Amino acid sequence: MRQKLIGRSSARLLIPLSMIALAGLGLSVAGAQTSSHTQIVQPANATSGSGEYYVEFRSRQSWDYGHTFVVFGRVGETPRKSNVAGLSPKGDDPKMWVMGHYVPVPSDTGWTDGDLEDRYITSRYRVLMNKAQYDRVVAYIRQLQATHTTWSVELYNCNAFVADIARFMGLKAPSSSWIYPKVFVSNMRKINTGHPEAANELVSENVKEMNNPTRDGRAMINAGLIRQDARSTTAPVSPAPNVTIGAVRVSNRPVSSVGSLPAE
């Protein structure tokens, strides 16, 4: 999707609607409690490895639940849009996002609006490497981008896309892709930086994020932490689908081996 967090209608959700209806644990944004004393904590920027090049795993705010993606490049250089990879429903139409909860829909695999703006980032984890390692990883990322032409909440979402990159790099990935992007990246950072116990905290961390009063864009606006862009008032904005998030499903489904991409 090409739309920003603030003053836009696009959204990403990582839980099927059927599970949401059964779980009944979701929090609607309208009912979220906020406080004038609430503050946003800047995400930790843990770094592993060494070298002049990097791949950085990121999560960011969106209108609802966020997005997981990677940014890569040479240390010290400003990343361009071509240095961003992630999986999302194609285009700006929220209907495409909703359909992705039932059937796979066409996808975009590159930059989306807001990916390179620090104010939207909720979690990050950077891995440094040398040029040879970097070239191999980027080649794999390009292969993923060329191969994954559909997005599905249940079958293959943005977390799953990023998890494949992590595993190719020899990193551990969270055991579930059906969680908030912020939790996904934060958990990945922990389990790869000397905190193996974090693997058992995935569900509890997701429940905690579910109750975070600033876990999505609308709640942040309601709390007065982010103001809508002035330019967003110049065009009508269609309402975002009112969907809440429910329980976490941790999948034991076998993961594809490195270099072998999952079938669509």
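The values are calculated or read from the model by the stated rules, or taken from the named source; none is laboratory data. The structure displayed is predicted, hence computed values, not measured ones. Note: ideal-geometry Cβ built from the backbone for every residue, glycine included; neighbour counts use all protein chains shown. Heads up: the accessible areas ignore ligands, DNA and RNA and are worked out on the full protein's heavy atoms, side chains in. Shrake-Rupley method; radii C 1.70, N 1.55, O 1.52, S 1.80 Å.
How about the range 137-152: which of its residues are out of contact with any strand residue (DSSP E or B) (no Cβ under 9 Å at 6 or more places or on another chain) and without any contact (Cβ under 8 Å) to a residue 60 or more places away in the chain?
Filtering the range 137-152 down to residues out of contact with any strand residue (DSSP E or B) (no Cβ under 9 Å at 6 or more places or on another chain) leaves 139-140, 143, 146-147.
Residues satisfying the conditions are Ala139, Ala146.
Return the total of residues in the range 153-198 being of a type outside the set (D, E, K, R), farther than 21 Å from Val55 by Cβ and without any contact (Cβ under 8 Å) to a residue 40 or more places away in the chain.
Residues meeting the conditions: 1.
Restricting attention to the range 123-152, and to residues there that are more than 19 Å from Tyr54 (Cα to Cα) and of a type in the set (S, T, N, Q), which single residue is least open to solvent (accessible area, probe 1.4 Å)?
So in the range 123-152, the residues more than 19 Å from Tyr54 (Cα to Cα) come out as 146-152.
Still in the list and also of a type in the set (S, T, N, Q): 147, 149-150, 152.
On the way: Thr147: 55, Thr149: 79, Thr150: 35, Ser152: 10 Å².
Taking the candidates together, the pick is Ser152.
Select, from Glu56, Glu52, Glu77, the only residue that is among the charged types (D, E, K, R) and open to solvent by less than 40 Å² (accessible area, probe 1.4 Å). Don't jump to the end; show me each part of the working.
Details: Glu52 fails: open to solvent by less than 40 Å² (accessible area, probe 1.4 Å); Glu77 fails: open to solvent by less than 40 Å² (accessible area, probe 1.4 Å).
Of the residues listed, the single one that is among the charged types (D, E, K, R) and open to solvent by less than 40 Å² (accessible area, probe 1.4 Å) is Glu56.
Find the residue count for the range 165-197, including only residues that are buried (at least 21 other Cβ atoms within 10 Å of the Cβ) and charged (D, E, K, R).
Within the range 165-197, residues that are buried (at least 21 other Cβ atoms within 10 Å of the Cβ) and charged (D, E, K, R) number 3.
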